[in-house]
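The values are calculated or read from the model by the stated rules, or taken from the named source; none is laboratory data. Values in this document were obtained by computation on a predicted structure and should not be read as measured data. Cβ coordinates were reconstructed from backbone atoms using ideal geometry, including for glycine residues, and neighbour counts include every protein chain displayed. Calculation scope for accessible area: heavy atoms of the full protein, side chains included, ligands and nucleic acids excluded. Shrake-Rupley method; radii C 1.70, N 1.55, O 1.52, S 1.80 Å.
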Amino acid sequence: MPKITFIDMADAVRSVEAPLGWTVMEAAVKNNVPGIEAECGGACACATCHVYVDEAWMDAVGTAQPMEADMLDFASDVRSTSRLSCQIKVKPELEGLVVRTPERQG
Ligand code: FES
């Protein structure tokens, strides 16, 4: 089961085990990781699951699909590493993935 590490703006580190097929958002919410609200429950309709993917993981995670890219416009402080965590499926290649949560969602 891949381990995913979430780092918040205060540099607090939380690592969780994420079953394959879950999304990074689900891994956060089901493990009470703060900083991800996920108001729409993963429907790519709220942008409150915004994360910054660690630079080293950008290739493995891949790029956002058009619907996600459009929704990211509603997130605050969007950067080149921004993704919506509900659109990142947990897969074996993401073992050790590191993402940062933003200062605020929405
Ligand atoms: Fe709403 Fe990801 S949970 S867009």
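Here are the criteria: (1) near the ligand (Cβ under 9 Å from one of its atoms); (2) closer than 22 Å to Ala12 by Cβ; (3) exposed (fewer than 15 other Cβ atoms within 10 Å of the Cβ). Tell me which single one Glu39 does not satisfy. Result: Glu39 fails condition (2) only. The condition of being farther than 17 Å from Thr5 by Cα and touching a helix residue (DSSP H, G or I) at 6+ places or on another chain (Cβ under 6 Å) holds for only one of Cys40, Cys44, Cys86, that being Cys44.
May I ask you to verify whether Val33 is open to solvent by less than 50 Å² (accessible area, probe 1.4 Å), in contact with a strand residue (DSSP E or B) (Cβ under 7 Å, 6 or more places away or on another chain), within 16 Å of the ligand (Cβ to nearest atom) and outside any loop (DSSP other than H, G, I, E, B)? It would help to see each step written out before you state the result.
Details: open to solvent by less than 50 Å² (accessible area, probe 1.4 Å): yes; in contact with a strand residue (DSSP E or B) (Cβ under 7 Å, 6 or more places away or on another chain): yes; within 16 Å of the ligand (Cβ to nearest atom): yes; outside any loop (DSSP other than H, G, I, E, B): no.
For Val33, the condition - open to solvent by less than 50 Å² (accessible area, probe 1.4 Å), in contact with a strand residue (DSSP E or B) (Cβ under 7 Å, 6 or more places away or on another chain), within 16 Å of the ligand (Cβ to nearest atom) and outside any loop (DSSP other than H, G, I, E, B) - is not met.
Looking only at the stretch 77-103, residues that are within 11 Å of Ile36 (Cβ to Cβ) and assigned to a helix (DSSP H, G or I) come to 2 in all. Filtered by the rule that a residue be away from the ligand (no atom under 16 Å from the Cβ), open to solvent by 50 Å² or more (accessible area, probe 1.4 Å) and in contact (Cβ under 8 Å) with a residue 40 or more places away in the chain, the stretch 58-97 gives Lys91, Pro92, Glu95.
All conditions but one from (1) open to solvent by less than 60 Å² (accessible area, probe 1.4 Å); (2) part of a loop (DSSP other than H, G, I, E, B) apply to Met9; the one that does not is (1).
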